[in-house]
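What follows is a single structure, written as structure tokens, with notes after it.
The values are calculated or read from the model by the stated rules, or taken from the named source; none is laboratory data. Remember, it's a predicted structure, so these values are computed and weren't measured experimentally. In this analysis, Cβ positions are derived from the backbone assuming ideal geometry, glycine residues included, and neighbour counts consider all displayed protein chains. When the accessible area is computed, the model is the full protein with side chains, heavy atoms only, and any ligands, DNA or RNA have been set aside. Shrake-Rupley method; radii C 1.70, N 1.55, O 1.52, S 1.80 Å.
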Amino acid sequence: MLWTLSFGLWGLSRQGSVWRDEAATWQVAGRSTADIWHMLGNVDVVHGCYYLLMHALFECFGPSTTTLRLPSVLAMCVAAACVAVIGHRLAGIWVGWAAGMAFGLLPAVQFYLQEGRPYALVAAGAGIATLLLVTLLQGRGRAVHWAAYGGTVLVSGLLNWLSLMILPAHLATLLWTRAGRRVWTRWTIASAVATACVLPLILFSRSQSVQVSWIPPLTWHMLIGPAVLLAIGGVGALLDRPRAGRLSVATVGLPLLAVPQIILIGLSLIQPLFLDRYVLFSLLGLALLIGTVVGSAVKAVRPRRPRASRWVLPAVMVVAMVALLPQSLAKRSPSSRVDDVVAIASDVRRMKETGNGLLFIPSARRDTKSVSPSAFSGLRDIALVENPVESGTLKGVEANPHRIRAAMLAHRRILLVTDAARVARPVSAERDRMKASVLRKYFTVVADQQVRGRRVTVYERRVPAGRASTT
């Protein structure tokens with residue numbers, strides 16, 4: 001836990017940067033409970049429980065990058081501890097140490113370790129649920145452990161219902177270890193109750209599936225990452241020499257790694273959903289299998305050089321840290337994310353004049369204003385009809401293209417906040433195409449600034465206002 005905590009606290013603020021996904025958490029957490037409930041009826045219901053948790057934390061500790069990200073850090077520490085305990089129980093202390101420390105070093109874990117989103121919390125839930133299952137399969141548990149297992153799966157499912165993919169992984173473990181009828185009965189009841197409680201969220205969130213419409217279709221090159229992970233995990237499983245009917249690292253770790261990945265790939269053939277963060281918890285299995293590899297190395301060295309065997313794990317960790325140092329540094333840089341919502345705020349303060357018009361392309365870039373409202377004081381958001389809080393959305397409701405065009409032509413000076421050129425996507429919405437067209441036709445760029453994936457451009461009218469109004 002301390003090992004993972006040290007990685008989590010290292011560069012936690014990322015120089016004060018907040019990227020677009022975290023900005024969604026930030027702006028929703030700052031709303032009242034009633035406003036959050038209103039929003040969940042329209043958008044992001046899949047993250048509703050997480051938003052309510054972050055709202056409580058923001059109320060208690062105030063909005064900051066520490067409050068935003070520290071829950072993820074602590075959750076990953078819990079997940080690492082669970083991996084270590086599972087490895088220790090199933091294969092000895094060296095496997096436990098190696099698995100727990102390897103988990104904190106994994107590049108994807110280091111990325112989401114400092115992310116103000118729910119994926120680390122889901123990983124912690126998966127770690128706790130798997131540890132409880134191992135405890136029960138070893139005959140150490142009681143009825144309260146089954147209740148805790150079902151409750152943990154339920155909470156994880158409410159944080160992100162795709163975490164229910166852990167149940168098929170645990171099902172594979174039960175099949176592999178030839179669990180008894182009593183275990184099967186209690187696992188089925190606990191799993192069914194948890195799934196039934198999450199089912200309303202699943203069904204309701206389907207009505208908001210447009211939120212994931214941006215995810216690209218599955219391609220062969222997207223499968224390279226999962227293939228590499230499964231290959232590494234396969235090596236660990238072979239070294240563990242799993243046998244049917246015996247509980248081992250392989251019978252727990254390999255299904256935990258492989259089954260969620262395979263299911264997500266299958267779902268993505270129906271509807272594009274393949275994002276690594278949705279199966280982040282599967283890396284618990286990878287860490288367990290890596291621990292087996294290191295544990296095997298220790299066992300191989302011990303008969304000939306008992307004292308030297310103690311240094312195998314520290315040596316492996318040092319080599320891994322040095323090899324991954326460039327990635328570790330990069331993931332703690334503001335440039336590690338596609339953009340920085342707050343970086344452009346200082347440029348807006350410097351470039352604006354009271355009474356200027358304000359536009360966003362696309363409207364989702366209004367998150368900069370939601371997170372840094374003081375920077376936009378004195379500016380008129382000329383496309384906005386209903387702000388994000390009142391409309392129960394993340395980006396507000398904008399007027400129709402005709403009204404926006406008229407409002408634009410009534411202004412001498414307009415500030416446009418959009419994506420920087422290197423990350424900008426083609427404009428698709430009719431409203432946004434109209435905004436860009438009017439700016440090109442009637443306005444001239446007088447100032448332009450790009451910072452960390454965001455861009456603010458100042459436009460001034462080419463012709464006198466009187467003439468423009470008749471054009």
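Normalised by 2.2 N^0.38 Å, with N the number of residues, the alpha-carbon radius of gyration of the stretch 41-94 equals 1.62.
Specify, per residue and in Å³, the volume enclosed by the convex hull of the alpha carbon atoms belonging to the stretch 350-397.
Numbers: hull volume 3.6 nm³, N = 48.
Looking at the stretch 350-397, the number lands at 75 Å³ per residue.
Cross-link reach is defined here as a Cα-Cα straight distance under 28 Å, omitting same-chain residues fewer than 8 places apart; for LYS369 the lysines meeting it are LYS331, LYS352, LYS395, LYS435, LYS441. A simple charge model with +1 on the Cβ of Lys and Arg, -1 on the Cβ of Asp and Glu and nothing else charged puts the dipole of the stretch 341-471 at about 420 debye relative to its Cα centre.
Measuring max minus min along each principal axis, the C-alpha atoms of the stretch 9-106 give extents of 50, 31, 23 Å (largest first). At full extension, ILE93 and GLU390 could sit 101.4 nm farther apart than now, given 0.36 nm per residue minus the alpha carbon distance.
How much FRET efficiency would the formula 1/(1 + (r/R0)^6) give for LEU325 and ILE270, where r is the Cβ-Cβ distance and R0 is 35 Å, rounded to 0.05?
Details: r = 40 Å, r/R0 = 1.14.
FRET efficiency, LEU325 to ILE270: 0.30.
Under the rule that an exposed site lies in a DSSP loop and has at most 15 other Cβ atoms within 10 Å, name the longest stretch of the chain with no chymotrypsin sites (Phe, Trp or Tyr not before Pro) of that kind, not counting the sites themselves. In short, 11-213. Fully extending the segment from ALA56 to ALA410 would add 123.2 nm, taking 0.36 nm per residue of separation and subtracting the current Cα-Cα distance. Stokes-Einstein diffusion for the stretch 172-258 at 10 °C, viscosity 1.306 mPa s, with a Kirkwood radius from C-alpha pairs, works out to 98 µm²/s. Normalised Debye scattering of the stretch 165-309 at q = 0.17, 0.20, 0.21 Å⁻¹ gives log10 I(q)/I(0) of -1.05, -1.23, -1.27, counting only Cα atoms as equal scatterers and leaving out solvent.
In nm, give the distance between the simple-model label positions of ARG302 and PHE204, each being 7 Å from the Cα along the Cα-to-Cβ direction. Rounded to a tenth, the inter-label distance reads 5.2 nm. Along its principal axes, the stretch 302-395 has C-alpha extents of 79, 31, 19 angstrom, given from the largest down. On a per residue basis, the stretch 193-259 carries 54 Å² of accessible surface, using protein heavy atoms and a 1.4 Å probe. Computing FRET efficiency as 1/(1 + (r/R0)^6) for ARG182 and SER374, where r is the C-beta to C-beta distance and R0 is 56 Å, gives about 0.35.
What number results when the radius of gyration of the stretch 227-287, computed over Cα atoms, is divided by 2.2 N^0.38 Å? Present the calculation step by step, with values, prior to reporting the outcome.
On the way: Rg = 12.5 Å, N = 61, 2.2 N^0.38 = 10.5 Å.
Ratio of Cα Rg to 2.2 N^0.38 Å: 1.19.
Please pull out the direction-averaged projected area of the stretch 63-217, using the convex hull of its alpha-carbon atoms, in nm² to one decimal place. Don't skip to the answer; put the middle values down first.
Numbers: hull surface 44.5 nm².
One quarter of the hull surface, i.e. the mean projection, equals 11.1 nm².
Over its Cα atoms, what ratio of radius of gyration to 2.2 N^0.38 Å does the stretch 309-455 give?
Details: Rg = 20.6 Å, N = 147, 2.2 N^0.38 = 14.7 Å.
Relative to the 2.2 N^0.38 Å estimate, the stretch 309-455 comes out at 1.41.
Averaged per residue, what accessible area in Å² does the stretch 1-46 show with a 1.4 Å probe, protein chains only?
On the way: 1910 Å² over 46 residues.
For the stretch 1-46, the per-residue accessible area is 41 Å².
Against the set (1) 1.09; (2) 1.05; (3) 0.99, the structure's computed Rg/Rh (Cα atoms, Kirkwood Rh) falls on (2). Shape descriptor for the stretch 12-52: Rg over Rh equals 1.04 (Cα atoms; Rh from the Kirkwood inverse mean 1/r).
Where the accessible area of the chain is counted over protein heavy atoms with a 1.4 Å probe, how much of it, in %, is carbon and sulfur? Let's see the in-between values first.
Numbers: 13350 of 20950 Å².
Carbon and sulfur: 64 percent of the exposed surface of the chain.
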